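Engineer: Sharing a structure here in structure tokens format.
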Amino acid sequence: MTSNLSKEFGNSSPFDFVFEEFDRMRDKMFDFFKTSDFPSFDILPFSSTRDYPKTNIVAEKDTGNIRIEMAVPGFKREDIDVEIVDNTLKIAGKMQDKGQCCNDSYHCKSIASRSFVKKWTLPKNANLESLDALLEDGILTVFLPIIKEEPKVKKLTIRTIGENNLEG
């Protein structure tokens, strides 16, 4: 699913309401399973990946820039791809098992391959040339500078009745 950063930071799309309705219905479904006596919510395939990895999106007060922080413990730089396609920021990661032998038998296996894909529609005033990413201590931080645009002002000439409308 693509989150819309442009909505929070300007430049929203007229179709955003459709996706917001899908999100609302999905959340309502999750709430139903969490609060009902449904026996095994944790084994549903979408329950553990819905919010993975945990992500913070911060608008820096002093600069107006956007900072995306993502908790990706165990991932190396080579496991993560950050790219921009058609004004959409896509962060994808895939971590393979750490070389366990096929002949081993596990009593419990909680550490497995993990993957994720997250997408955000970027605001139109994002400086895509200065996008930067840093992976440190299991936190991926993507820095997205925002170009501060001065408002465009156009001064209109006030006409009076009787002036020739054909003159420029």
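The values are calculated or read from the model by the stated rules, or taken from the named source; none is laboratory data. Keep in mind it's a predicted model, so treat the numbers as computed, not measured. Reconstructed Cβ throughout: ideal geometry from the backbone, glycine too, with neighbour counts over all protein chains shown.
Engineer: Just give me the residues in region 64-111 being at pLDDT below 90, surrounded by fewer than 10 Cβ atoms within 10 Å (Cβ to Cβ) and not acidic (D, E), in sequence order.
Structural biologist: Residues satisfying the conditions are V85, K98, G99, C101, C102, N103, S105, Y106, H107, C108, S110.
Engineer: Could you please give the count of residues in region 114-142 that are in contact (Cβ under 8 Å) with a residue 12 or more places away in the chain and in a strand (DSSP E or B)?
Structural biologist: Result for region 114-142: 15.
Engineer: Continuing with the same structure: For residues that are more than 48 Å from the chain's Cα centre (by Cα) and at pLDDT below 85, scanning just region 138-167, find the one that is surrounded by the most Cβ atoms within 10 Å (Cβ to Cβ).
Structural biologist: E163
Engineer: Could you give me the residue pairs with C-beta distances under 8 Å whose first residue belongs to region 52-71 and is without any contact (Cβ under 8 Å) to a residue 12 or more places away in the chain, whose second residue is assigned to a strand (DSSP E or B) wherever it lies, and which are 6+ apart or on separate chains?
Structural biologist: Matching pairs, first to second residue: V58/I66; V58/R67; V58/I68; V58/E69; E60/I66; E60/R67.
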